[in-house]
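Student: Let me give you the structure first, and then I'll get to my questions.
The values are calculated or read from the model by the stated rules, or taken from the named source; none is laboratory data. These figures come from a predicted structure and were not determined experimentally. In this analysis, Cβ positions are derived from the backbone assuming ideal geometry, glycine residues included, and neighbour counts consider all displayed protein chains.
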């Protein structure tokens, strides 16, 4: 029983990161109607930023979140301006399909660049707090993972407030609802698109920095994180920041509980099966309103 | 002119004859295995093209069918069945899986088809790795009798068959229906073209042929981990090849495969590992700037200003 409870706790902790990874993807998808399948590679870059800041300058990854987010914001902006922007005016179906293709090309390029620059070695950040744990009803909670969950939650809260309250955040939501009408009331739609893409990438940067504290970072981790993010987006529905976070935690718990019953080798399979079931039964997401 | 043999058919026949005669003309094993790879990649890329190019459905789970065909063929063949029967069974298994998987996933709208198929391939890859963790190697007896020529002829057969299927799609009523569905599903339905039926037909063809190619790979490769044949590279390589060569064209996959294999050889001699970087960049350039790929570029070089209407055109990027 304790082991199962421990699995639930661990699943929830890692699930917070799934949620954070998914929100950036969801933001880009919801606002621009583009699916950036290189999102996992952006997360990988964020992980490397935190790893190198720690290794070279001893910066704690929880501090590196800010430079990592800033760097990824710029990367996202450049990617958008150079590659994705030309799709902005295309009709919906074509836009989606071509954004997937471009994202696929970007992921191939980023993955190989990372391989050239940093080799295929798995990297991890081990800070002084790495071994510390807190007790929780018979299970243990690693402090670093708890910190990552809290930061993920705070980042999403910040995003939520920004989208609800800030003038620019509201412009983003208006553009997501109806770009034509948004443009008519004077919202600079082109800028909003670029910033939304940058913001989505910055969130991948935050997630990557957090991932570096708990899991391995290597050039190959992108695809699996993209899949996780996609699963969570489908579970949570597009455009709901907290729905996405809850769906992430749910996926984390579902994975580790099924890992407990079926063996650890099947935890990812269960997540994917869950995803296919939801996709065929409720394609608008578990938490989406009609 | 009436009765004259069309130039295209003539050069295709010459190409097939050259491919068939190659093992007789040369004993150079390096050249032969290079040609084998071109044919294998042509077959795999063309099988993706049947659904992805002619049908416009971006399938990111192609590796699932390549892997199923490879696994079934390998197990039956190493179990003692004649390789032709094993290959037929592998092709059949992949076709059946294509219908079973295609029917629900083709009902998914927008990006969910691409993601859903990717998820299916990953499920199969991880599960296969868990159930069959050991490397599959040829027994010593088979290894001693190993010859490249029969593998090569099977690859010729697959490349010719699948390219013929593409040629048929570019001309037949079914192919025109499929093109109509690709361009505008609602409009196609309105004029009586059953969109789902056409997409499912193309899916079954595409996955069956992917399975056939996988089976040939399983017959060719001396030892591999069973999970490897489900690896995403068996989706991503054909996708890159198809776009480099010309998506939705009959000859694009052949041009792309030759280019891919040659460039890979040259680059791995020159720069080693990072050849994927070059392919990734080239892929981006093609998707963004030259959606017709190599085939369209060659055509523009040969006849400036002219565009042959007979072939199904490549879908515009935006």
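Student: Only one of A:124, A:114 is within 14 Å of another protein chain (Cβ to nearest Cβ), surrounded by 15 or more Cβ atoms within 10 Å (Cβ to Cβ) and under 22 Å from the mean Cα position of the chain (by Cα). Can you tell me which?
Tutor: Just a single option satisfies the conditions, and that option is A:114.
Student: Return the residues of the stretch B:235-255 that are within 14 Å of another protein chain (Cβ to nearest Cβ) and part of a helix (DSSP H, G or I); say none if nothing qualifies. Before the answer, list the steps.
Tutor: Step one: of the stretch B:235-255, the residues within 14 Å of another protein chain (Cβ to nearest Cβ) are B:235-244, B:247-248.
Within the stretch B:235-255, B:235, B:236, B:237, B:238, B:239, B:240, B:241, B:242, B:243, B:244 meet the criteria.
Student: Next question. Give just the number: which of (1) touching a strand residue (DSSP E or B) at 6+ places or on another chain (Cβ under 8 Å); (2) in a helix (DSSP H, G or I); (3) surrounded by fewer than 14 Cβ atoms within 10 Å (Cβ to Cβ) does residue A:134 not satisfy?
Tutor: (2)
Student: Okay, moving on. Taking the stretch A:90-111 as the region of interest, how many residues are farther than 15 Å from residue B:285 by Cα, facing chain B (nearest Cβ under 7 Å) and in contact (Cβ under 8 Å) with a residue 40 or more places away in the chain?
Tutor: 1
Student: Given the residues B:86, B:94, which is the only one that is surrounded by 22 or more Cβ atoms within 10 Å (Cβ to Cβ) and under 23 Å from residue B:143 (Cα atoms)?
Tutor: Checking each option against the conditions leaves just B:86.
Student: Only one residue in A:238, A:234, A:269 is modelled with pLDDT under 90, within 14 Å of chain B (Cβ to nearest Cβ), outside any helix (DSSP H, G or I) and more than 26 Å from residue A:131 (Cα to Cα). Which one?
Tutor: Just one listed residue meets the conditions, A:238.
Student: What number of residues in the stretch B:114-154 are in a helix (DSSP H, G or I), more than 9 Å from every other protein chain (Cβ to nearest Cβ) and closer than 30 Å to residue A:268 by Cβ?
Tutor: First pass over the stretch B:114-154, keeping only residues in a helix (DSSP H, G or I): B:114-131, B:140-144, B:148-154.
Retained after the next criterion (residues that are more than 9 Å from every other protein chain (Cβ to nearest Cβ)): B:117, B:121, B:124-125, B:128, B:131, B:140-144, B:148-154.
Those left that are additionally closer than 30 Å to residue A:268 by Cβ: B:117, B:121, B:124-125, B:128, B:131.
Number of matching residues: 6.
Student: Any residue at all in the stretch A:191-213 that's in a helix (DSSP H, G or I), without any contact (Cβ under 8 Å) to a residue 24 or more places away in the chain and surrounded by fewer than 24 Cβ atoms within 10 Å (Cβ to Cβ)?
Tutor: yes
Student: Would it be correct to say that residue A:83 is assigned to a helix (DSSP H, G or I), touching a helix residue (DSSP H, G or I) at 6+ places or on another chain (Cβ under 9 Å), modelled with pLDDT of 90 or more and within 14 Å of chain B (Cβ to nearest Cβ)?
Tutor: Taking the combined requirement at face value, the residue satisfies it.
Student: Which one of these does residue B:211 not meet: (1) crowded, with 21+ Cβ neighbours inside 10 Å; (2) within 14 Å of chain A (Cβ to nearest Cβ); (3) touching a residue at least 40 places away in the same chain (Cβ under 8 Å)?
Tutor: (2)
Student: Still on this structure, please answer the following. Within the stretch B:183-232, work out how many residues are assigned to a helix (DSSP H, G or I), within 18 Å of residue B:51 (Cβ to Cβ) and over 21 Å from the mean Cα position of the chain (by Cα).
Tutor: Summing the residues that are assigned to a helix (DSSP H, G or I), within 18 Å of residue B:51 (Cβ to Cβ) and over 21 Å from the mean Cα position of the chain (by Cα) in the stretch B:183-232 gives 6.
Student: Quick check on my filter: what residues within the stretch B:62-113 are within 11 Å of chain A (Cβ to nearest Cβ), outside any helix (DSSP H, G or I) and in contact (Cβ under 8 Å) with a residue 12 or more places away in the chain?
Tutor: Hit for the stretch B:62-113 is B:107, nothing else.
Student: A further question on this structure: Check residue B:48 against each of (1) more than 10 Å from chain A (Cβ to nearest Cβ); (2) part of a helix (DSSP H, G or I); (3) farther than 24 Å from residue B:184 by Cα and name the one condition it does not meet.
Tutor: If we test residue B:48 against (1) more than 10 Å from chain A (Cβ to nearest Cβ); (2) part of a helix (DSSP H, G or I); (3) farther than 24 Å from residue B:184 by Cα, just (3) comes out false.
Student: Do we find that residue A:154 is touching a strand residue (DSSP E or B) at 6+ places or on another chain (Cβ under 9 Å), more than 14 Å from every other protein chain (Cβ to nearest Cβ), surrounded by fewer than 19 Cβ atoms within 10 Å (Cβ to Cβ) and not in a loop (DSSP other than H, G, I, E, B) in this structure?
Tutor: no
Student: Could you go through the stretch B:168-182 and let me know if any residue there is within 15 Å of the chain's Cα centre (by Cα), at negative phi and in contact (Cβ under 8 Å) with a residue 12 or more places away in the chain.
Tutor: The answer is yes, given that some residue of the stretch B:168-182 is within 15 Å of the chain's Cα centre (by Cα), at negative phi and in contact (Cβ under 8 Å) with a residue 12 or more places away in the chain.
Student: Residue under question is residue B:278, and the condition is that it be outside any helix (DSSP H, G or I), within 14 Å of chain A (Cβ to nearest Cβ) and either within 22 Å of residue A:97 (Cα to Cα) or without any contact (Cβ under 8 Å) to a residue 60 or more places away in the chain (or both); does it hold?
Tutor: no
Student: Please enumerate the residues belonging to the stretch A:204-230 that are within 10 Å of the chain's Cα centre (by Cα) and closer than 16 Å to residue A:149 by Cβ.
Tutor: Selection gives A:206, A:207, A:208, A:228.
Student: Going by the conditions given, is residue A:31 away from chain B (no Cβ under 14 Å), part of a helix (DSSP H, G or I) and surrounded by fewer than 20 Cβ atoms within 10 Å (Cβ to Cβ)?
Tutor: On the way: away from chain B (no Cβ under 14 Å): yes; part of a helix (DSSP H, G or I): yes; surrounded by fewer than 20 Cβ atoms within 10 Å (Cβ to Cβ): no.
The answer is no for residue A:31.
Student: Another one. Would you check which residues across the stretch B:139-163 are surrounded by 14 or more Cβ atoms within 10 Å (Cβ to Cβ) and free of Cβ contacts under 8 Å to residues at least 40 places away in the same chain and list them?
Tutor: Within the stretch B:139-163, just B:157 meets the criteria.
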